[in-house]
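Single-structure report; data block below.
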Amino acid sequence: MAIPGLAELTDGEENISPTLFLLSGPPGIGKRDYCREFLEEGLSSGRRCIFLSSKITDKEKIDLFNMNEKKFNSLFVNPVLVNDSPSEKSLDGTLKRIISYLSDIRIGASLDQQSNVGTDDLDNIIYFVMDSLNHFCDIFEISSIRKFLAKLVLQLRKRKTIGVFTIDSPISADYQPIVSFCDGIMEMKFEESNDSLIRKIRLLSMAGHAMTKPTWIQFSIDKNGRFTFANDLLKCTLDGRVIQHHPVYYQNSCQFLRTLIQNTKF
């Protein structure tokens, strides 16, 4: 179980504990593409996924994941389309659909246990995406979104969920109450380099993991929306763990190298 770029964003971690991440970044940097790759990883590994978006329709969802409806063995909800017009009832209806879906998963897991089917606890992890908090707040009252998130997060935590909630940066002070529930934070940014813009991402915090020195990692997105991550600096390891700090050079060693170079004929 992983988020895209996990090994690069941490010191080589391959799995993470259930965490609800806030992914912030400027518009157009690739937050939705990141979420798509995250959900595709869950779908390809046979796990249940929930995709909550106020921007796309069912057909656009199929096109986004390049798969037909039969293969999308998960739940997609656009609260804007739940009722004729968006309202707090739309959010209530959305929450009911999510709770019903989670209940079905719980019943299925119980039946597996009763039939002595060996299931790894990680197999029951749910992948969740809500894209995007900004757009939800443009449509619904912030107070309504806050109440909706409080109930939603409670349900997700019960079911051991790894989730990504996207939001545009910079984050308005008005939105602070609706992002405080996250126990993991990721950031994306544009950076100028040689008259061009490059994309970078870093992991600021993650449940159950001490982030000593979050590092900005460069990434690119190809024409198909696939991510490639590259570290800005060469990573050195010790006992399988990445050394995050700059190397220390000792005076005697440096003096020895200088003497060796001076006495070497090229």
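Regarding the stretch 170-180, can at least one residue be identified that is among the hydroxyl-bearing types (S, T, Y), within 18 Å of the chain's Cα centre (by Cα) and closer than 19 Å to R32 by Cα?
no
For R226, state whether it is at pLDDT 85 or above, charged (D, E, K, R), in contact with a Phe, Trp or Tyr (Cβ under 9 Å, 6 or more places away or on another chain) and under 18 Å from G25 (Cβ atoms).
Spelling it out, it is not the case that R226 is at pLDDT 85 or above, charged (D, E, K, R), in contact with a Phe, Trp or Tyr (Cβ under 9 Å, 6 or more places away or on another chain) and under 18 Å from G25 (Cβ atoms).
Could you please give the count of residues in the stretch 128-144 that are assigned to a helix (DSSP H, G or I) and crowded, with 22+ Cβ neighbours inside 10 Å?
The qualifying residues number 2.
Any chance the stretch 196-208 includes a residue that's outside any strand (DSSP E or B) and in contact (Cβ under 8 Å) with a residue 40 or more places away in the chain?
Taking the stretch 196-208 first, the residues outside any strand (DSSP E or B) are 207-208.
Applying the additional criterion that residues be in contact (Cβ under 8 Å) with a residue 40 or more places away in the chain yields 207-208.
Yes, some residue in the stretch 196-208 is outside any strand (DSSP E or B) and in contact (Cβ under 8 Å) with a residue 40 or more places away in the chain.
Quick one: in the stretch 37-60, which of the residues that are surrounded by fewer than 22 Cβ atoms within 10 Å (Cβ to Cβ) and among the basic types (K, R) is farthest from H135 (Cα to Cα)?
The selected residue is R47.
Any idea which of L75, L22, L81, L95 is within 23 Å of F148 (Cβ to Cβ) and under 13 Å from the mean Cα position of the chain (by Cα)?
L22
Can you pull out the residues in the stretch 133-190 that are in contact with a strand residue (DSSP E or B) (Cβ under 9 Å, 6 or more places away or on another chain), over 27 Å from Q218 (Cβ atoms) and β-branched (V, I, T)?
Selection gives V153, T161, I178.
Please enumerate the residues belonging to the stretch 209-226 that are of a type in the set (G, A, S) and part of a strand (DSSP E or B).
From the stretch 209-226, those of a type in the set (G, A, S) are 210, 220, 225; that's our starting set.
Across the stretch 209-226, the qualifying residue is only S220.
Would you be able to tell me the number of residues in the stretch 145-180 that are assigned to a helix (DSSP H, G or I), under 16 Å from A207 (Cα atoms) and not aliphatic (A, V, I, L, M)?
2
Can you tell me which condition F190 does not meet? The list is (1) over 16 Å from the mean Cα position of the chain (by Cα); (2) touching a residue at least 40 places away in the same chain (Cβ under 8 Å); (3) not in a strand (DSSP E or B), and all the others hold.
(3)
Conditions (1) of a type in the set (D, E, K, R); (2) within 23 Å of M186 (Cα to Cα), marked per residue:
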{"residue": "I16", "(1), (2)": "no, yes"}
{"residue": "G30", "(1), (2)": "no, yes"}
{"residue": "F51", "(1), (2)": "no, yes"}
{"residue": "L81", "(1), (2)": "no, no"}
{"residue": "D92", "(1), (2)": "yes, no"}
{"residue": "I99", "(1), (2)": "no, no"}
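Here are the criteria: (1) more than 18 Å from the chain's Cα centre (by Cα); (2) at pLDDT below 85; (3) surrounded by 11 or more Cβ atoms within 10 Å (Cβ to Cβ); (4) more than 30 Å from P26 (Cβ to Cβ). Tell me which single one Y101 does not satisfy.
(2) is the only condition that Y101 fails.
The values are calculated or read from the model by the stated rules, or taken from the named source; none is laboratory data. For clarity, every value in this text was computed on a predicted model and none was experimentally measured. Because the Cβ atoms are built from the backbone with ideal geometry, glycine has one as well, and the counts that use them run over all protein chains shown.
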